[in-house]
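Chemist: My structure is below; once you've seen it, I'll send some questions.
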Amino acid sequence: QLQLVESGGGLVQPGGSLRLSCAASGFTASGVTLGYYTIGWFRQAPGKEREGVSCITSSGGSTNYADSVKGRFTISRDNVKDTVYLQMNSLKPEDTAVYYCAAVSANYYCRTYVPIIPSPYDYWGQGTQVTVSS
C-alpha cells in the first residue's frame with residue numbers, strides 16, 4: 001500500500017515562501033518507488049472544494065499549474081531522494097489551505113491545458129496546513 005507524507009507547511013507572512021515536500025513510504029518491500037507515479041498537489045480551504053494546484057509526470061518531463069499559482073509556485077521532483085517538492089513564493093492569504101500530495105500511475109492526467117482534478121488520483125497523503133497571514 002502506497003503511503004504519502006507531506007511536510008513543510010506552516011505560518012508565513014504575505015509575500016513569503018514555503019517549500020512543501022511529498023515523500024513516499026511503504027514501497028520498499030515491493031521495489032516500487034515514487035518515480036513510477038505522476039504526482040499532484042492539491043489544496044482545500046475551509047468550506048471550499050479541493051482544487052488542483054500543480055502536477056508533475058513520473059520523469060519530471062511535464063508539469064502543469066493552476067492559473068492562480070502560475071509564476072509563483074514551482075513543482076519539481078528528485079527521484080533519487082524519492083521526493084516531490086512544491087516551492088511556493090509570493091504567498092497570498094488566499095493560498096491558505098491544507099495542501100495534499102497525491103499519486104496516479106498514468107502521466108495522461110498531467111498535461112498542459114488539462115485541468116488538474118482529484119478524481120483520477122489513487123493515493124493521498126494526510127495533508128499539511130499552510131497559513132498565510134500577517
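The values are calculated or read from the model by the stated rules, or taken from the named source; none is laboratory data. Given the structure is predicted, the values throughout are model-derived calculations rather than measurements. A quick note on method: Cβ atoms are made from the backbone with ideal geometry, for glycine too, and the neighbour counts reach across all protein chains shown. Surface accessibility is based on the protein's heavy atoms, side chains included, excluding ligands, DNA and RNA. Shrake-Rupley method; radii C 1.70, N 1.55, O 1.52, S 1.80 Å.
Chemist: I'd like to check something: does the range 89-103 contain any residue that is surrounded by 15 or more Cβ atoms within 10 Å (Cβ to Cβ), over 26 Å from Gly47 (Cβ atoms), in contact with a strand residue (DSSP E or B) (Cβ under 6 Å, 6 or more places away or on another chain) and of a type outside the set (Asp, Glu)?
Modeler: In the first step, residues of the range 89-103 are kept if they are surrounded by 15 or more Cβ atoms within 10 Å (Cβ to Cβ); the result is 91, 95-103.
Right, trim to over 26 Å from Gly47 (Cβ atoms) and you get 103.
From the residues that got through so far, the ones that are in contact with a strand residue (DSSP E or B) (Cβ under 6 Å, 6 or more places away or on another chain) too are 103.
Next, only the ones that are of a type outside the set (Asp, Glu) stay: 103.
Within the range 89-103, one or more residues are surrounded by 15 or more Cβ atoms within 10 Å (Cβ to Cβ), over 26 Å from Gly47 (Cβ atoms), in contact with a strand residue (DSSP E or B) (Cβ under 6 Å, 6 or more places away or on another chain) and of a type outside the set (Asp, Glu).
Chemist: To continue, here is another question. So, in the range 28-54, of the ones that are of a type in the set (Val, Ile, Thr) and open to solvent by 10 Å² or more (accessible area, probe 1.4 Å), which residue ends up modelled with the lowest pLDDT?
Modeler: The first filter runs over the range 28-54 and keeps only residues of a type in the set (Val, Ile, Thr), leaving 28, 32-33, 38-39, 53.
Narrowing the set further to residues that are open to solvent by 10 Å² or more (accessible area, probe 1.4 Å) leaves 28, 32-33.
Values: Thr28: 53, Val32: 70, Thr33: 82.
The qualifying residue modelled with the lowest pLDDT is Thr28.
Chemist: Follow-up. Can you pull out every residue in the range 1-22 that is more than 16 Å from Tyr121 (Cβ to Cβ) and either modelled with pLDDT under 95 or not in a strand (DSSP E or B) (or both)?
Modeler: Gly8, Gly9, Gln13, Pro14, Gly15, Gly16, Ser17
Chemist: Quick check, is Gly8 in contact (Cβ under 8 Å) with a residue 60 or more places away in the chain and on the phi > 0 side of the Ramachandran plot?
Modeler: Yes.
Chemist: Among the numbered criteria (1) among the polar types (S, T, N, Q); (2) part of a strand (DSSP E or B); (3) closer than 22 Å to Leu2 by Cβ, which single criterion is violated by Gln126?
Modeler: (2)
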